[in-house]
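Engineer: First the structure, which I've put down as structure tokens, then a few questions once you've had a look.
The values are calculated or read from the model by the stated rules, or taken from the named source; none is laboratory data. Given the structure is predicted, the values throughout are model-derived calculations rather than measurements. Cβ atoms come from the backbone with ideal geometry, glycine included; neighbour counts cover every protein chain shown. Ligands, DNA and RNA are stripped out before the accessible areas are found, and what is left, the full protein with its side chains, is counted by its heavy atoms. Shrake-Rupley method; radii C 1.70, N 1.55, O 1.52, S 1.80 Å.
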Amino acid sequence: MNASTDDPTLIDASLRGDAKAWTMLVERYGQHVWSIGRRCGLSEADAEDLVQAVFASLVEQLGRIADRTRLAGWITTTAKREAWRMADRARRERPSQVEVLEQ
């Protein structure tokens, strides 16, 4: 396998336990996921957590992806939804300026 190996081939190999194929998928899409997190307002550290969360989800769902030629779309959609969830949670957990001033 090389960098031009298509996603369906990498998915099939990953499902068979090929660590190199999995690494190629992570290298192919990891930066993309991280950049989605940053565009959604996540810190660098949270964007790194996003990458971990998306690929953990991918491990669980890899065998269920019906159209393997659309992996990029699955990753993008999953990353956006998770980034929005993480950003929303961070906003809710962050004290407001009023709360900080009252202390």
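Engineer: Report the relative contact order of the chain, percent, no decimals, based on alpha-carbon pairs under 8 angstrom and at least 6 residues apart.
Structural biologist: Here the relative contact order equals 29 percent.
Engineer: Assigning unit charges at the beta carbon (Lys, Arg +1; Asp, Glu -1) and nothing else, what dipole magnitude in debye, to the nearest 20, does the chain show about its Cα centre?
Structural biologist: So the dipole magnitude of the chain works out to roughly 280 debye.
Engineer: Heavy atoms only, 1.4 Å probe, whole protein assembly: order MET86, MET1 by accessible area, highest first.
Structural biologist: So, going from the largest accessible area down, we get MET1, MET86.
Engineer: ARG89 to ALA3: extension gain in nm, 0.36 nm per residue of separation minus the Cα-Cα distance?
Structural biologist: Contour length minus Cα-Cα distance gives 27.3 nm.
Engineer: Still on this structure, I have one more. On a full-extension model of 0.36 nm per residue, what is the gain between THR77 and LEU15, subtracting their alpha-carbon distance, rounded to one decimal in nm?
Structural biologist: The THR77-LEU15 span can extend by a further 20.2 nm.
Engineer: Using a ≥ b ≥ c from the Cα gyration tensor of the chain (square roots of the eigenvalues), is it rounded, prolate or oblate, where a/c under 1.5 gives rounded and otherwise the larger of a/b and b/c decides, a/b for prolate?
Structural biologist: Judged from the Cα gyration tensor, the chain comes out prolate (a/c at least 1.5, a/b above b/c).
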